1. If R₀ is 30 angstrom, what is the calculated FRET efficiency for the pair D111 and D216, using the beta carbon separation as r and rounding to 0.05?
2. Relative to 2.2 N^0.38 Å, what does the C-alpha radius of gyration of region 33-179 come to as a ratio? Two decimals please.
3. Go ahead and run the numbers for FRET between R172 and T257, Cβ-Cβ distance against an R0 of 25 Å, rounding to 0.05.
4. According to a simple spin-label model (label point 7 Å from Cα along Cα-to-Cβ), what is the distance in nm between E157 and L229?
5. Give me the distance in nm between label points sitting 7 Å out from Cα along the Cα-to-Cβ direction at D68 and R84, one decimal.
6. Per 0.36 nm of contour for each residue apart, how much would the distance between F123 and E138 grow if the chain were fully extended, relative to their Cα-Cα spacing?
7. Just going by the charge dipole of region 34-158, with Lys and Arg at +1 and Asp and Glu at -1 on Cβ, which of L78, L62, S49 is farthest out on the positive end?
8. Evaluate E = 1/(1 + (r/R0)^6) for M92 and A296, where r is the Cβ-Cβ distance and R0 equals 35 Å; express this FRET efficiency to the nearest 0.05.
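We did not get these values from a lab; they are worked out from the coordinates using the rules stated. On a predicted model such as this, the values are computed, not experimentally measured, just so you know. Note that we place each Cβ from the backbone using ideal geometry, even for glycine, and neighbour counts take in every protein chain shown.
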Amino acid sequence: MKFQYHFLLLLVTFLLFGLLSCANAKSLKPIDAKEITTLGKNCEELYQSHIDAWDSRDPENLRLIYTDDIVHFDGKPLYVGINRVVGMAKGMYEFFPDWQMEAGETYISGDECLGTWVNWGVFGFTQANPGLEFDLLETRDGRISFWRAFYDQNFLEAIPNGTHVEGDFLTRFANSWTAADLDKLLKIYSQDVHIEDTLFGISDTGQQAMIAYANDIFAKSPGVSWKLLYPFAEDEGGDIVQEEQPLPSEGGLFSITVKDQDGNPCEIRVVMILTLDENGVIQKQQIFYQADTLLACGWVK
């Protein structure tokens, strides 16, 4: 009887802990179509100004869009301050006289903008088969204060000793979300994983929070299908960002096929930034959405 009593006590405690954990986990907040339209437009304009400044081939134009203390987190090397960034630009213009570029798609979170830099005329890239750079931008007082760069497979193969993209893991990641199988998902996330989906008001830590988040996503659009389109990665950071970001991140552009309000297939495009710990499981996950696809698929009101 004493053993049964302790067993029941432990069981009740476990169940109460689970209920409390779920109760503390946040649900996806509803988001307004006007808010998404505004965020999407602002991100597009910000990123276009970023590319236009570089495409002008005048390094002084960079001073118009960056703060004086701009940090360009390009792994190693790391550029801190507008003079260092301007110096980098001068060197790149001289080294790549045939460099061509344009702004690609942009993706939003609640407070950051991520854009796709399309490059050709360097490393043998052509306009039909360019190299893609994914830039995460933070702003202050209307100027870019932090610029974090990730590179697609074309870039990483062209750069000597470049970072390797774990394509197999990213495919497993997509397949696990497609399967809507929590057991599979739990195997690729750490116990203290931090989930950031700030567009939907999520910034939580722990597997219980991840489970609640996943269930909300599954409930929002059952039967979704994930597909990896472009994997990317970054190099290790320098000393200035080592404490905040001790491990390099990778991720990719994904297509998520959902059903629209009429039950027809509809594509939402997202960029996932994933930081893996020493055991090769996800320690941090950030998601950014292409605004137009959220609107088209009815994920906003």
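1. So, using R0 = 30 Å, E works out to roughly 0.90.
2. Ratio of Rg to 2.2 N^0.38 Å for region 33-179: 1.10.
3. It comes to 0.85.
4. In this crude label model, L229 to E157 measures out at 2.0 nm.
5. 1.7
6. My answer for the length gained is 2.6 nm.
7. Value computed over the given set: L78.
8. 0.45
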